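Remarks on the structure that follows.
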Amino acid sequence: MTLQIENLTVYYRTLRGDVRALEDTTFQVADHEIMGLAGESGCGKTTLGHSLIILKPPMKYIKGHVALDEQELPIHDMKRMNPFRFKEISLIPQYAMNAMNPTRKIGKMTAELLGSRGVNFDAIRTELMRRLDLVNLPDSVLDMYPIELSGGMKQRMVMVLSTLLNPSLLIADEITSALDVSTQKAVAEMLVEFRNREFVNSMIVVTHDMSILYQIADSIMIMYAGQLAEKASTDVIIHSPRHPYTKLLISSLPEVGVRYTETKLQGIPGKTPLLLDPPVGCRFRDRCPISFEKCMEVPPFMEVEQDHYVACWREF
Amino acid sequence: MKKQRNKNEFLYFALRNVKLLIGFSVILLFLITGLVGPLLAGNEPFAYVNPLGPQPPSAEYWFGTTFFGQDVFSQFAHGLQATFLVGILGGGIGTIIGILIGFVAGYRGGIVDEILNVFTNIVLVIPTLAVLLIIAAYFEVRSIFSESLFIGITAWPWAARAIRAQTFSLRTRDFVDLARMSGMKPLKIIFQEIAPNMMSYLVMTFILQFGGAILNAATLDFIGLGPTNAISLGLMMQHAVNWGALQLGHWWWFIPPGLAITAIVGALYTMNVGLDEVFNPKLRET
Amino acid sequence: MRSYFGRKFLIYGLTFFLAVTIDWMIPRFMPGDPITNMLANFSVSSTNSNAYAEMRAYYTQLFGLDLPLWQQYLNFWKSLFHGDLGISTSQFPTSVAAVLLRAVPYDIFLLVPGILLSWYAGNKFGAFAARSRWLDNTISPLGYILTATPYMWLGILLAWFFGIVLGIFPIAGAYSFNIVKPTLSFSFIRNLLWHWFLPFASLFLVGFGGQAIGMRNLIIYEIEADYSRYLEALGAPTRLIRKYAFRNAILPQITGLALSLGVVVAGALVTEVVFSYPGIGYQLLAAIQGQDYFLIQGCFLFIIIGVLLANFIIDITYIMIDPRTRRGMTGETA
Amino acid sequence: MANRMRVLLALVLLTVFAVGCSQATTTVVPATEKTTEKPVEAATEKPAEEPVEEVPSAPETFERSETLYVSGAAWGPPSTWNPFQPGNLANTTGTIGFVYEFLYSYDPLAGEFTPWLAENGEWTDDTTFEVTLREGLAWSDGEPLTAADVKYTFELGQQYSALWFSPVWNYLTGVDAVDDTHVTFTFDDPLYQEWDNYLYSLPIVPQHLWEGRSEEDITTGANENPVGSGAYLYQSHAEDRNIWTRNENWWGNDVFGTPAPKNIVDIRTSSNNVALGMVLKGELDLSNNFLPGVAALSNQYVQTYYPQAPYMLSANTAVLFLNTTKAPMDDAAFRRALAFAIDTPSIVNVAYAQLVKAASPTGLLPSMQQYDDQDVLAKLGYEFDTDKAKQMLAAAGYVDTDGDGLVEAPDGSKIELKVTCPSGWTDWMAAIDIIATSAQAAGINIKAETPDYGAWNTELQGGTFDMTLNNWAIMSNTPWNLYNLLFRHPIQDQMQSGNFGRYDNQEIFDLVDALAKVKATDDEGMKAACADIQELMLTEMPMIPLWYNGLWAQWSTSTWQNWPTEDSENQTLPTTWSGYWQMGGLMTLINLEPVPPAE
């Protein structure tokens, strides 16, 4: 097991109280697994991704444990978490286009970043060159400023940079949303390639885009309103989902490959519940076509088949 | 998350922002002094009330008397009124011109933007004070209103630039596109769709213009191009300097007006930073 | 890059043209007649009206005020390119150009170090203040207070305290009044610096406050920028993040410097008056007091040229420092 | 990059310092050359200066005990040393009086003429004035000063009408240099009173250096490095100073004595406030600035002519001109009532803190008071008396008909008047405030306004003002000087140099003209002529003399002593103002003594 998460609960502190963005989450990511994390915006997937690497205000750690390679991650402690960042767990942020200091040459910035983490740039330079080559970036990018790179180049550069120290876990946050379709595909393929070459051990790919997940993910986990709904292998999720929300979600896609960016689920009555004061029990209850009394209790995230987890009373 | 933000939330943070509160209190203190002070002083600002001439602060004359035996507190209170007036009018005019030019340039873009941009840059480069000197010298008799007007019409460029940039970024947002597609007139879009979304920005622009106008007026007053038949804090300083107040030991005449200007403008700037923190959630985090 | 410069030059050119035109209008559209006002300064108690009329006609002809306006305007441009700004009436018969050329070195001497040092120190201070909320709340107020202080008020307080109460600095002149002749000796230069210090200090302090506040605000924003968050996520130390934030905040601060030039120049004008420091401000005030429109005109022109030149230098510097423009990407600098 | 920026900054700073320093010095050193637009002229007069510059071991600073620091004369940077440019000469005080000298000097305190370049001068008949020059007069370049120079100087006025003294040729018919020391002036109906004025106000210039100059050079040239005959030589100047050094070879050293200060540094400050600071720092020996509140420092930091109020001698009369072309100022009764309504004591006590004296109703300075006719004053004089003013107004038909406390004109129209002075003239601004306030108290609606100087001057000369202050008649040898200003005629579109209120009365013009033609020796004749003028003036009250502006002077006795005071033996004017050196200013310097160093 690369990543083990138990009862992780993270809230957002706001004026009117805590937004319960991530509630009692328990799941695992296996070695070499690329896990897709999907759901509507505001479902807590980004919160989950971020809380694993940088949990700072207004995010608030409530409870739970995270272990990476059998080692407890002190995610609630910004300082103690630092030695793990980059080296054990790394991030390709949503804002990869702007992630590099605009006034520093990329090479210099990399050297300074590595230096600050106690890594000798020269020692790693050959490896860096090889990886740049792998993502089709010329060596000369190191001598360029970020603005001289196209969007796709920047994206790839950040991928290389984030994985340079061979982290055990990589969190890729909406990395494709800003790219055009063909570039998306290339980037997605590179993620797989990175995993295959063991630059990273396992990955959580947070995205809106089911088609990307279909293409690269070994497994997909669906979230709804701060709770886990279903996790299974990609094929299973796409072809035979068991959670009513997943079913609606999949069926609402006209065909695999169409993005559902920002679009709300059509045809499902009701709205996503406010996480400030979420309903008790299953949070999908109000919109669920098959809900019943039992749903007033929170359904556990249970393994209903081998590697297939569902949180729905109807399935147990 | 962002959509849940509303006025109450601003108020909540505003009431807890020390910078904003301190700045606001200082402004309020001086504003009240300016409004109530003339009534309390009991003396006309120019009346020669103290036959002893310059006297230090006392129970009768709170800020002492000038070289001529005029009540410094009365002048101070009346001067505060003038200073606030210049700030509001001068800052207001500067902001309004800046807003108009900034909105139009930012919203229309293209050739209109180019022309307004060149115009703004020109006015920006010409040193304000030099122009003010000349405009001021044209007028034989100057009032606080004309002074405010001059200051306003020379101070707008940076505001226009900043507002242009903001408008530019808002112009492409969905809700503006929607309004445009629904056939709304450009002016209506600007004032109904864009302006409300920049309210915090406009308020901050006004505050900075306010402070700048006060400082500009003080400079003009000091070099003798202020209002000709009036009292303001800058004119008080000028009089105090002309009559050797510091050298002759009449510090109570020279110190208060300068200190008040510093305090008011400093408070405005502090408020501005405070407001920034209130309006911009990123800056709130500790 | 070329179009960028083309634009800039267009703006500079237009500004110059407009400024010169306004400048030309100064004596011609002022209330009162410049020659009348000039002659009013001549104590003519025993002159009869005939002589006065003759003197009047003479000076009118001398200043070319008897020509049609359009011709006066053309002549103005023509003489401008010959470096001829006319003759000062209050310092008759000295030419305006000569008066200004003597004054300008003092301005450079005062303004350039004043601007650059306050910019440098202000930026350092602002960055320091932005390090933590605690520092921000304790030392930033110093910046707000300084930048809100009227130049002349601060100047007069400095002159009074250091000049008169402590008596350690002179309060008037560019060098001591007991100097026989200015020379390039060490003692003379020391004397110059001694007289320069207080006017410089008042310019420096106010500018320092403004720059510190500007830097503080920018850093606070930069620290929240995406690249800072990325570095943080990768575990980079605060030191590196702050270093980058400072570097990036410097660029808008350079632009800000150009924007603040007008204010600094205004400050220098009043500071020179306060300290009787013989730069353009001192001459400008004397010109206003002496109703010397030609000298006012010249001062205005010099100030404009100075500010334009400074803007240009700042533009160039910006391009050199900002990799984005340096690498040929066009973009608004300011 | 941080390092690169730091280096860049350092470099820029260094260059700036270097440029700043070298610029500042190099431009100041040859300042005279820079302003020179006619190098030829500079060359002609240069030799006298050369040795000073060449001495390699010259001291860098002036010896404190040999140097007099003064201020208050210059109102702008020095620009001309041409003795024929009265206006701008104020900024190079000493050009006339130090460098260029006069036939006579005049002592206004004693009312006496002293022969200066002249040894003697007399009217041999009604139209002939003969001057005998002193023996051994010399220009500072060594050439002798002769009758030919005097003739040349006077004849410049005949040749160039742009010179201020050319009107003398209205009645002067010829100047004849009989020999090296004798000059004869012949006249046609001379204005004796004015002629006396020329004797001590027309500077004599060296023919041998001026002969070849163009009209432009003579009338408007800057005349750098002036060569004259006087007690001091031009040393150098900068924007804020004029420096003069003693002429050790001055012909007058044996006649009048040697002036005590070896160097005189005349400092121009940008404001009186700076001058006050320098006085407090002990950096000025004599300040002729108007320093309000100096009474508080008197006898402690500084000394003044009188140890108590008014502290200062009187220098000129501040007169309130009334525009007699406008109602109700066209009514003599109104004008006289106004004279009683103005609170002059408050102007003296509040606006000036007792630094000035109230003026005699005749307007004549205290030094001229022998010409005040006491009978006229007893009958027609005025003083501040609000009740009397109200009575006079009522008697003349000015009553408050609408009950607002302010009187209306006899025809029932409202009266709204403005009293003005230039903006920034702080003492006058305070004074017109008091004028307006006290007039209001008497029921006359007057408001104080302070337009800019240019606008004020246009109103003054164009005659569009209501009432305004003016003080352009300076100390002189004759009461005619003041009355010539007050009743300047004929009335023209632009009144540049007097009678700004356009008071048009041929009777008084004739009286003033008659005074001009009374011989200076005929004291009784002058008194009679003055009495006639004063009677008509006080009856008609076309303008109201209010107070005497002071001959502002405050000095320190730390380095120099024996200054003239009320009780001192020497009664001379303690002033450095241009035009006053020949009125006793130079004698003040001659009488000065260095303070012996403390043992």
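Please treat every number below as a calculation from the coordinates, not as lab data. No experiment lies behind these values; they were computed from the predicted model shown. Positions of Cβ are generated from backbone atoms using ideal geometry, with glycine treated the same way; all protein chains shown enter the neighbour counts.
A few points about this structure:
- Legend: mean number of C-beta atoms from other chains within 10 angstrom of residue C-beta atoms, peptide C:5-16, equals 3.
- Of A:87/C:243; D:326/D:418; A:108/A:154, pairs whose Cα-Cα distance is over 18 Å: A:87/C:243
- Only Cα sites of region B:35-279 enter the Debye sum here, all with the same form factor; the resulting log10 I(q)/I(0) across q = 0.07, 0.11 1/Å is -0.31, -0.66, listed in q order.
- Whole-angstrom gap from region D:127-183 to region A:146-196, using each part's C-alpha centre: 101
- Nearest-ten-degree value, helix A:181-196 long axis tilted from longest Cα axis of chain A: 80
- Vicinal HN-Hα couplings computed from phi for region A:208-222 (Karplus, 6.51 cos²θ - 1.76 cosθ + 1.60; Hz; Gly/Pro x): 8, 9, 4, 5, 5, 5, 4, 6, 10, 7, 7, 9, 10, 10, 9
- Bins of 10 Å, starting at 0 and running to the largest distance - Cα pair percent for the protein assembly as shown: 1, 7, 13, 17, 16, 13, 9, 7, 6, 5, 4, 2, 1, 0, 0
- Radius 11 Å from Cβ of residue D:336, net charge of other residues (Lys, Arg +1; Asp, Glu -1): 0
- Other-chain or far-sequence residues with amide H under 5 Å of residue D:94's (modelled H): D:579
- Its relative contact order, with pairs defined as Cα atoms under 8 Å and 6+ residues apart, puts region C:96-330 at 29 percent.
- Ellipticity estimate at 222 nm from DSSP helix runs (n ≥ 4, -39,500 (n - 2.57)) divided over chain D, nearest 500: -9000 deg cm²/dmol
- Counts of other chain beta carbons within 10 angstrom of each beta carbon in peptide A:83-91 average 3.
- Highest average packing first - D:531-538, A:107-114, D:333-340, B:218-225, Cβ atoms within 10 Å: B:218-225, D:333-340, D:531-538, A:107-114
- Residue D:466 sits among other residues whose Cβ lies under 14 Å from its own Cβ, and their net charge, with Lys and Arg +1 and Asp and Glu -1, is +1.
- Amide H contacts under 5 Å for residue A:90, placed H, 5+ residues apart: A:169, A:170, A:171
- Amide H contacts under 5 Å for residue D:354: D:349, restricted to partners 5 or more places along the chain or on a different chain, H placed in the peptide plane at 1.01 Å from N.
- Each residue of region A:98-110 was assigned a 3J(HN,Hα) from its phi angle through the Karplus curve 6.51 cos²θ - 1.76 cosθ + 1.60 (θ = phi - 60°); the sequence is 10, 7, 9, 3, x, 10, 10, 5, 4, x, 5, 4, 4 Hz, with glycine and proline shown as x.
- Euclidean distance of C-alpha centroids, region A:61-140 and region C:187-221, integer Å: 41
- Rounded Å value of the spacing that divides the Cα centres of region D:224-273 and region B:195-251: 43
- Cβ neighbours within 10 Å from other chains - mean over C:263-272: 4
- Likely footprinting exposure, B:108, C:247, fewest C-beta neighbours within 10 Å first: B:108, C:247
- Annotation: peptides C:102-108, D:305-311, ranked by per-residue average of other Cβ atoms within 10 Å with the highest first, follow the order C:102-108, D:305-311.
- Neighbour-count order for B:184, D:541, A:153, fewest beta carbons within 10 angstrom listed first: B:184, A:153, D:541
- For chain D, the longest principal axis of the alpha carbon atoms and the long axis of helix D:192-201 meet at an angle near 30°.
- Principal-axis analysis of the Cα atoms of chain C puts helix C:2-28 at an angle of about 30° to the longest axis.
- Over region B:35-279, relative contact order from alpha-carbon pairs under 8 Å, at least 6 apart, %: 25
- As a rough guide to protection, the peptides C:165-172, B:36-43, B:100-107 ranked by mean Cβ packing within 10 Å, highest first, stand as B:100-107, C:165-172, B:36-43.
- Other residues with beta-carbon under 12 Å from the beta-carbon of residue D:500 carry, at +1 per Lys or Arg and -1 per Asp or Glu, a net charge of 0.
- Value at 222 nm in deg cm²/dmol, rounded to 500, when DSSP H runs of n ≥ 4 in chain A each add -39,500 (n - 2.57): -8000 deg cm²/dmol
- Two-decimal Rg to Rh for chain C - Kirkwood Rh, Cα set: 1.06
- Of the GluC sites (Glu not before Pro) found in region A:28-93, those that fall in a DSSP loop while having at most 16 other beta-carbon atoms within 10 Å are A:70.
- Helix-only [θ]222 nm of chain C, DSSP H runs n ≥ 4, -39500 (n - 2.57) each, per residue, nearest 500: -25000 deg cm²/dmol
- Here the residues A:32, B:250, D:208, A:239, ranked from fewest to most Cβ neighbours within 10 Å of their Cβ, fall in the order A:239, A:32, D:208, B:250.
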